Amino acid sequence: MPLRLVDVQQSILRKNSTLAHELRRRFEQTGTFVLNALSSPGSGKTALIEETLTRLRGRYRVAALVGDQATENDAQRLARSGAPVKQISTGAECRLDAQMVTQALDDDAFAALELLTIENVGNLICPAEYDLGEDLRVVLFSVTEGEDKPLKYPLAFTTAHAAVVSKIDLATATEFDREAAIKNIHVVHPDLPVLELSVKTGEGVDRWIEFLETRIAQKRVLVS
Amino acid sequence: LDGNSLFVHEASIALAIAGEVCDRAASERIERVRTVFVRIGVMTGVVPEALQFAWDLATDGTPAAGSRLKIERVPLAIACARCNAERTVTSGAIPVCPVCGESSNEIVRGRELLVTAMEVEDAAAPGGRPAEHSAQEQHAGT
């Protein structure tokens with residue numbers, strides 16, 4: 001049997017891109033602002049999102065999705081905020097994808113939201129590649145992880161709309177070089193907004209909330 | 001640690017490639033896929049060796065079982081605002097101009113995750129002859 005060469009020229013992530021595009025259109029129609037948080041395990045995504053939900057749930061209709069490979073611990077922590085929370089168990093998969101989000105949204109508690117937070121699986125490689133239809137992709141790293149995180153995982157920082165440096169209450173104890181960390185972020189992504197905060201002490205959290213609310217307001221103007 | 005997620009990432013990408021290839025095979029009466037050509041940018045975080053390793057498992061039981069995966073690695077290229085020129089970054093995946101040292105937000109190449117072509121064997125047509133295909137397809141990708 002002769003061999004034939006077939007021209008394909010197809011994106012490997014075509015299906016995800018199509019679904020993410022549909023999600024983005026739907027979020028525009030419902031006026032939902034979507035936050036996608038990326039980080040390594042242990043950077044404080046859950047703590048920041050719990051704090052965010054707690055502070056904003058009186059002002060917006062909020063809900064949270066949380067991706068985890070095995071446990072439901074993070075979902076239980078987020079539920080303490082009083083917001084509707086749904087766990088997406090990804091099993092072997094190292095990231096959420098647009099299909100998982102689409103399925104999770106098929107739920108009355110997730111209709112007509114003003115703010116949806118998505119906590120991705122703790123990983124800086126896989127989630128960077130998957131669009132979830134979000135408005136704001138935030139990449140976090142804590143002062144305990146060292147200053148070179150952006151150089152090790154450039155795609156996560158390139159695709160992010162903002163970076164959060166977390167656990168700054170531990171900066172002195174860990175001899176964190178703040179200047180170097182911010183420089184490394186901007187080497188990978190010039191002008192990326194950087195927010196430094198500690199959920200534990202509350203330092204910088206007001207600024208984060210203000211930053212997020214400004215973005216939410218900007219989307220409202222755009223879609224209304 | 002992030003280390004063990006490396007292979008999981010490639011497994012996921014390998015399954016996505018196999019999905020695209022098998023969809024195409026099903027719609028075109030392709031019996032067997034012998035070679036799959038992909039283009040992978042250095043910025044994707046996909047390690048070629050790990051993708052190669054995941055390929056056999058991802059294609060097991062499909063028309064692409066036993067096929068070869070040919071990976072073309074695409075280096076990072078950026079548009080440098082200071083040089084006002086396109087520059088290829090010779091090593092690594094950090095978008096810094098190799099000439100002037102300026103960082104760039106404009107990635108020109110290096111994020112590719114693309115199936116470019118595949119070499120296939122067609123299923124015999126009902127008359128016993130191989131299915132016919134356009135000349136364009138015969139020469140595509142060569």
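The values are calculated or read from the model by the stated rules, or taken from the named source; none is laboratory data. Only a predicted model underlies this, so the values are computations on that prediction, with no experimental measurement involved. Please note: Cβ atoms are built from the backbone with ideal geometry, for glycine as well, and neighbour counts cover all protein chains shown.
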Notebook entry, point to check: Does A:ILE49 qualify as being within 14 Å of chain B (Cβ to nearest Cβ), surrounded by 20 or more Cβ atoms within 10 Å (Cβ to Cβ), out of contact with any Gly (no Cβ under 6 Å at 6 or more places or on another chain) and of a type in the set (A, V, I, L, M, F, W, C)?
Noted result: no
Check: Got a sec? Which of A:GLY122, A:GLY133, A:GLY146 is small (Gly, Ala, Ser), within 23 Å of A:ALA163 (Cα to Cα) and modelled with pLDDT of 95 or more?
Finding: A:GLY133
Item checked: Unique match (being within 13 Å of chain B (Cβ to nearest Cβ), in a helix (DSSP H, G or I) and of a type in the set (A, V, I, L, M)) among A:ALA181, A:ALA156 -> A:ALA156
Next item on the list: Check A:VAL139, A:VAL143 and return the single one that is touching a residue at least 40 places away in the same chain (Cβ under 8 Å) and either more than 9 Å from chain B (Cβ to nearest Cβ) or not acidic (Asp, Glu) (or both).
Entry: A:VAL139
Next item on the list: Among residues belonging to the stretch B:9-46 that are assigned to a loop (DSSP other than H, G, I, E, B) and farther than 20 Å from A:ASN16 by Cβ, point out the one that is nearest to the other protein chains (Cβ to nearest Cβ).
Entry: B:GLU28
Notebook entry, point to check: Is it the case that some residue within the stretch B:36-48 is among the small types (Gly, Ala, Ser), at pLDDT 95 or above and loosely packed, with under 15 Cβ neighbours inside 10 Å?
Noted result: no
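Each row is one residue, and each column tells you yes or no for (1) surrounded by 15 or more Cβ atoms within 10 Å (Cβ to Cβ); (2) closer than 20 Å to B:SER103 by Cβ; (3) out of contact with any Phe, Trp or Tyr (no Cβ under 7 Å at 6 or more places or on another chain); (4) not charged (D, E, K, R).
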| site | (1), (2), (3), (4) |
| --- | --- |
| A:TYR153 | yes, yes, yes, yes |
| A:ALA156 | yes, yes, yes, yes |
| A:LYS167 | yes, no, yes, no |
| A:THR172 | no, no, yes, yes |
| A:ALA180 | no, yes, yes, yes |
| A:VAL188 | yes, yes, no, yes |
| A:LEU197 | yes, no, no, yes |
| A:GLY202 | no, no, yes, yes |
| A:ILE216 | yes, no, no, yes |
Note to self: Among (1) without any contact (Cβ under 8 Å) to a residue 12 or more places away in the chain; (2) outside any loop (DSSP other than H, G, I, E, B), there is one condition A:LEU151 misses while meeting the rest; what is its number?
What the structure shows: (1)
Check: Can A:LEU13 be described as facing another protein chain (nearest Cβ under 10 Å), closer than 28 Å to A:ILE216 by Cβ, buried (at least 18 other Cβ atoms within 10 Å of the Cβ) and not aromatic (Phe, Trp, Tyr)?
Finding: yes
Item checked: Candidate set: the stretch B:76-115, residues that are in contact with a helix residue (DSSP H, G or I) (Cβ under 6 Å, 6 or more places away or on another chain) and part of a loop (DSSP other than H, G, I, E, B); chosen: the one farthest from B:THR35 (Cα to Cα) -> B:ILE94
